[in-house]
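The values are calculated or read from the model by the stated rules, or taken from the named source; none is laboratory data. Owing to the predicted nature of the structure, the values given are computational and were not obtained by experimental measurement. Every residue, glycine as well, gets a Cβ built from its backbone with ideal geometry; the counts of neighbours run over all protein chains shown. Side chains are part of the model used for accessible areas, which takes the heavy atoms of the whole protein and leaves out ligands, DNA and RNA. Shrake-Rupley method; radii C 1.70, N 1.55, O 1.52, S 1.80 Å.
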Amino acid sequence: WDSLTVKGDLVTQEGKVYGIDRAARLSGGDLATHSIPMAYGVDLVGAAIKQALNYKIDPATVHPYKRAHVSQRYVFPDKADIGRTVKSVPPFTDSGPALSAWRIGPGDVITPVTAHPDRWGMAIATDVTGEKATERAREMVRQMKRGVVLE
């Protein structure tokens, strides 16, 4: 416990905060690898590696500052897509203020979404407000989905 990261989930209800989960690891779902660096300019993964190896961490490199609002949205199949085979997907995006990634590829058979890995993909976007970031991420998802070719 001297050289590790801890992630946790908090829930608020009626003005009270409850911790419902904690684990000795970085947070998943692209939060530690992409969303936090995009929002705050902090290389959380790099800092966690240094911490685990007992390297000295310069506090200035992990001091968060508000850089942008970040929104992440997911690409889901339509019911009519279940059972069909993926022929192609558009290229992913990694342009700094936006990132998209696919969880499906050519040859995959589309199944119902029953767990996180079943989603087709995801998009993360930044902007000056949360609303604008969310709209950008939603538009990325719409464009991504339109580009999927199924057999």
Within segment 105-119, is even one residue in contact with a Gly (Cβ under 6 Å, 6 or more places away or on another chain) and either open to solvent by 60 Å² or more (accessible area, probe 1.4 Å) or among the hydrophobic types (A, V, I, L, M, F, W, C) (or both)?
-> no
Within segment 88-100, is even one residue surrounded by 11 or more Cβ atoms within 10 Å (Cβ to Cβ), out of contact with any His (no Cβ under 9 Å at 6 or more places or on another chain), more than 16 Å from Gly29 (Cα to Cα) and hydrophobic (A, V, I, L, M, F, W, C)?
-> yes
Candidate set: segment 120-137, residues that are among the polar types (S, T, N, Q) and surrounded by 15 or more Cβ atoms within 10 Å (Cβ to Cβ); chosen: the one nearest to Thr93 (Cα to Cα) | Thr126
Qualifying residue in segment 49-63 (condition: open to solvent by 50 Å² or more (accessible area, probe 1.4 Å), among the small types (Gly, Ala, Ser) and modelled with pLDDT under 90) = yes
Pair list, Cβ < 9 Å and 6+ apart or interchain, from segment 48-67 residues that are under 30 Å from Thr129 (Cα atoms) and of a type in the set (Asp, Glu) to residues that are at pLDDT below 85 and open to solvent by less than 100 Å² (accessible area, probe 1.4 Å) = none
